[in-house]
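Just so it is clear, none of the values below were taken in a lab; they were calculated from the coordinates. Just so we're clear, the structure is a prediction, and the values are computed from it rather than from any experiment. Cβ sites come from the backbone with ideal geometry, for glycine too, and all protein chains shown count toward neighbours.
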Amino acid sequence: MTTDSTFRTEMIDAREAPDQSRGVIGWFRANLFNGPINSIVSIVVIVLLARLVWPFLEWAIIDADWIGTTRDACTGDGACWVFISARFESIIYGFYPEAARWRVDIVFALLAILVAWLAVPKMSRKKWVALFTLTGFPIIAFFLLVGGSFGLEYVPTRAWGGLMLTLTIAVVGIVGSLPLGIILALGRRSKMPFVKGICVIFIEFWRGVPLITVLFMASVMLPLFVPGELDFDKLLRALIGIMFFWSAYMAEVIRSGLQAIGKGQNEAGQALGLSYWQRTGLIILPQALKMVIPGIVNTFIALFKDTSLVLIIGLFDLLAIIRAGLTDSNWLGFSTEGYVFAAAVYWIFCFSMSRYSQYIERRLNTGHKR
Amino acid sequence: MSEATASRTTAPGSDGPMIEIDHLNKWYGSFHVLRDINLTVTKGERIVICGPSGSGKSTMIRCINHLEEHQQGSIVVNGVPMTNDVKRIEQIRRNVGMVFQHFNLFPHLSVLENCCLSQIWVQKKPRAEAEKTAMEYLERVQIADQALKYPGQLSGGQQQRVAIARALCMRPEVMLFDEPTSALDPEMIKEVLDVMIELAHEGMTMLCVTHEMGFAKTVADRVIFMDQGQIIEEAPPHEFFNNPRSERTQLFLSQILGH
């Protein structure tokens, strides 16, 4: 009596997964040298990297001059970082009067504390800190940086410069373009033709012109049209231009997130009696924004780097200050050091934003498909 | 087929209409999706709506809380006539709970937060009270132990029970079910149906679009059969299943029960 059917009498207990770790040498063997062709490619790449990276390290670190205050300190074959350290103050503060630089320090320190507070998940009272960062802090920063009241010396914005100016533009641009972008994205999806029309025109206009054009318009053209007594500050005009320009990009990034949220989410909110703004704020936006964090941060990074374009309208940001230093007759011929340093500063800020966004993405991931 | 729609039956022992749908017509573009729907649901009545796909049954119950807009006719829910006024619509929605085919839980909120959200923001309850109510209903659908998990960590049946609890937290007068078991694995259908049966026995007014004919036989006061945007037949379940009058109904029943 044979049959084709079988059945199990004992269940199999769960076992631990086999150990897949191999150690460093094992990893190299498995990933770089697992075959003749792979080994050859790996060796070639390693040799090339060594040929390229080593000379750079030699130039930038090993043979470099670090100590000194004048050009005479530059004796080695490598880079002369004295060029940077000698002008460090102006790279940070621009032409901000020396006696008032403590005001910039306070604003920087306050900003650093607030950003850290908001970035570290363990800190409490986030709501209030966020509220202060968006309302109280800008007012304090404005009065401290501009001065002219509370017995503080007035510092016109044309004296601003260096990293301080770069950060000012970047922070205002980032903080301004995100909420404006959200509103534009929501408006573009509105059923009201007027609201929708305004948002579409705004987005398509600002997205369609180069940032350089926007800055030129803001600095050169606008004063021609606006009566003389209504003379806005040049920096303010640039800030508004940058904010509008990037909010258009931001709007489209956020709209792609809104688009990706299923109709059911909105319907569930409607069925529960939630109003439009409640559904948007409590259900749709938290999910949509989370989904487009990479796109938002991408825009932030682009914004941060493109702050350097303000040099064409005569504002001396980090890059422009370094460039100005290159034309100093005492320091001719140090452009490589200048640009490498500028690149390193931009890279540190942009890379930090990138890492932080990845961390936030992991933290907010509740692992859920709908 | 119009004899059936013309005569409106009401369940015994009920006290007044909860939902009155009168000459309801709806078009998607030029497509006439709901055709002259008349339906009165009394308080405590349990109605099962069935029919082939595309027959307009989901569209009809979605009109009751204005997830779909209708072009002609009137809907009155618990004495409040439906208009296009947002305040009026929200007032009606507060009294009407809805459960969807695909659950539509909020994936970024925990089960407990899903249940508290509308209590806090619509009913303006303090959080503690909202959580207490939420736990009560989660207990009733036997999922209180999962309250702190996220929807993505639950099975389909569990998610649908959470969705039912979430709707009940608003203490609605009517519950609308839009194919609540259609997206579930077979082994999970029963746990959801059990909750719905219990709810029916407690006297909740229910409109349920479903193909679960066993459920219809157990709890429905009336079964409504729809096809091509119109009500073809409505009858108490024993009559509907044993003695369907229209040919379309007979064909439909033979197709879904015949294997």
Size of segment A:47-141 as Cα extents on the principal axes (Å, biggest first): 53, 42, 15
Please compute P(r) over all alpha-carbon pairs of segment A:263-370, binned at 10 Å starting from zero, and give each bin as a whole-number percent. 12, 27, 22, 17, 13, 7, 2, 0
In a Gaussian network model over chain A where Cα atoms closer than 10 Å are linked, find which of A:198, A:254, A:301 has the largest mean-square fluctuation. A:198
Evaluated over chain B, the Cα radius of gyration and Dmax, each in Å: 18.1, 55
Report the calculated FRET efficiency for residue B:85 and residue B:144 (r = Cβ-Cβ distance, R0 = 25 Å), to the nearest 0.05. 0.05
In a shell of Cβ-Cβ distance under 15 Å around residue A:331, excluding residue A:331 itself, what net charge do Lys and Arg (+1) and Asp and Glu (-1) give? -2
Could I get the Rg over Rh figure for segment A:20-62? Both from C-alpha atoms, Rh via Kirkwood, rounded to two places. 1.17
Cβ charges +1 (Lys, Arg) and -1 (Asp, Glu), total dipole of segment B:205-259, debye: 60 debye
Compute the separation of the alpha-carbon centres of segment B:201-259 and segment A:1-61 and state it in Å as a whole number. 60 Å
For the protein assembly as shown, with the dipole built from +1 on Lys and Arg beta-carbon atoms and -1 on Asp and Glu ones, taken about the Cα centre, which of A:117, B:200, A:172 lies farthest toward the positive end? A:172
Largest-first semi-axes in Å of the equivalent ellipsoid built from the Cα gyration tensor of the protein assembly as shown are 64, 34, 22
Using a Gaussian network model of chain B with C-alpha springs under 10 Å, which one of B:92, B:164, B:143 is most mobile by mean-square fluctuation? B:143
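Mind checking the mean number of beta-carbon atoms from other chains within 10 Å of the Cβ atoms in B:111-118?
Partner Cβ neighbours, averaged per residue: 2.
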Among A:140, A:37, A:322, whose mean-square fluctuation peaks in a Gaussian network model of chain A (Cα, cutoff 10 Å)? A:37
Alpha carbon convex hull of segment B:75-213, projected area averaged over orientations, nm²: 8.7 nm²
Summing Lys, Arg as +1 and Asp, Glu as -1, what charge do residues with Cβ under 9 Å from the Cβ of residue B:115 carry, residue B:115 excluded? -1
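What does the net charge come to around residue A:95 if you take all other residues with beta carbon closer than 13 Å to its beta carbon, with K and R at +1 and D and E at -1?
Working: positive: A:87, A:101, A:158; negative: A:89, A:98, A:317.
Spelling it out: positives minus negatives among the neighbours equals 0.
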Please identify the trypsin sites (Lys or Arg not before Pro) of segment B:108-194 that satisfy two criteria: DSSP loop assignment and at most 14 other Cβ atoms within 10 Å. Which are they? B:124
Among B:40, B:189, B:63, whose Cα sits farthest toward the positive end of the charge dipole of the protein assembly as shown (+1 at Cβ of Lys/Arg, -1 at Cβ of Asp/Glu, about the Cα centre)? B:63
About its Cα centre, the protein assembly as shown carries a charge dipole, from +1 on Lys and Arg Cβ atoms and -1 on Asp and Glu Cβ atoms, whose size in debye to the nearest 20 is 740 debye
Using every Cα-Cα pair within chain A, state what percent have a distance larger than 39 Å. 37 percent
Assigned charges on the beta-carbon of Lys, Arg, Asp, Glu; chain B dipole about Cα centre (debye): 560 debye
Run the lone-cysteine check on chain A: no other Cys C-beta under 4.7 Å from the residue's C-beta. A:199, A:350
